[in-house]
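Asker: Take a look at the following structure, please.
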Amino acid sequence: MLILNFTLAQEESEELILEEEVLEEEIEELNLIQNGNFESGDLSPWEVVLINIKNFNKYEAEIFIDYFIWARRNSEKDSGYIGIKQSLGNYDLTGKKTLKLAFDILISLQELDSDGWAGGEYPASVELVFVDQNNEEYIYKNCFILKGSTINYPENNVTEIESGDFYHFEVDLMQDPKIAENILSHPYLKEIRIGGSGWDFVGAVDKVFFH
């Protein structure tokens, strides 16, 4: 009887694992973001974005193990941006009732003790670009900064996180009436951008999901 019970439990466990694997595959198929897990080691179809990165700066923008990391050092107190972007081909979101965005984000270095100047600078941020029929843009963004930093621009959806650990972020954009209104009037998903800006900084992202 004990052997029989063990066999049944093993079969149930195997069935549960199989169901979980099928569910993960279905979720991955629903994801509008390609290669959001970076597990293949190939960055495509993401493109690296460098803004105001000088020759004397030391920087990295690459997949490390199975997540994407960006780093900037030797900035000499000059602002710059390092990140990635992915074109989403003006994907039509008309009629969507839910739009769930989720990702794991990390900050391991932030030289600035605030979100800077000129509208905000963050060692980690995620932006979604929506357009209307006239190609006018609405940009939704979430920005991340180390706990204890001075926040000058709270309107940038700023979240304070601990250093060195991945922070899981998840939101349904259609649950905020103001955001939903902007998306409904700009219903084409053009691009996603992920990266960091400021002086010296190091950040990373993994498991990017949008549906």
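No value in this document is a laboratory result; all are computed from the given coordinates. Everything quoted here is computed from the prediction, not taken from an experiment. All Cβ positions, even for glycine, are placed from backbone atoms using ideal geometry, and neighbour counts span all protein chains on display.
Asker: At most 12 other Cβ atoms within 10 Å and a DSSP loop assignment: could you name the chymotrypsin sites (Phe, Trp or Tyr not before Pro) in segment 41-74 that fit? Kindly include the intermediate steps, with their values, before the conclusion.
Answerer: Working: sites: TRP46, PHE56, TYR59, PHE64, TYR67, PHE68, TRP70; in loops: TRP46, PHE56.
Answer in residue order: PHE56.
Asker: Let me ask you something else. For the chain, what relative contact order do you get, as a whole percent, if you take Cα pairs closer than 8 Å and at least 6 residues apart? Let's see the in-between values first.
Answerer: Working: 456 pairs, mean separation 65.1, N = 211.
The value is 31 percent.
Asker: Tell me what the chain gives for mean residue ellipticity at 222 nm when only DSSP H runs of n ≥ 4 count, each as -39,500 (n - 2.57), the sum divided by the residue total, rounded to 500 deg cm²/dmol.
Answerer: Theoretical 222 nm ellipticity from helices: -6000 deg cm²/dmol.
Asker: Determine, for the chain, the count of lysine pairs separated by eight or more sequence positions (or lying on different chains) whose alpha-carbon distance falls under 23 Å.
Answerer: The result is 27.
Asker: Same structure, new question: Note down the Stokes-Einstein diffusion coefficient of segment 113-161 in µm²/s, whole number, using a Kirkwood radius over alpha carbon pairs, 25 °C, and 0.890 mPa s. Don't skip to the end; give the middle numbers.
Answerer: Details: Rh = 11.6 Å.
Rounded to a whole number, D works out at 211 µm²/s.
Asker: Can you give me the distance in nm between label points at ASN74 and THR150, each placed 7 Å from the Cα along the Cα-to-Cβ direction?
Answerer: Each label point is offset 7 Å from its Cα along the Cβ direction, giving 3.0 nm.
Asker: Further question on the same structure: Taking the chain as the reference, fit the longest principal axis to its C-alpha atoms, fit the long axis of helix 2-30 to the helix C-alpha atoms, and give the angle between the two in degrees, 0 to 90, nearest 10.
Answerer: 40 degrees
Asker: Just the ratio, please: alpha-carbon radius of gyration of the chain over 2.2 N^0.38 Å, N its number of residues.
Answerer: On the way: Rg = 19.9 Å, N = 211, 2.2 N^0.38 = 16.8 Å.
Dividing the Cα radius of gyration by 2.2 N^0.38 Å gives 1.18.
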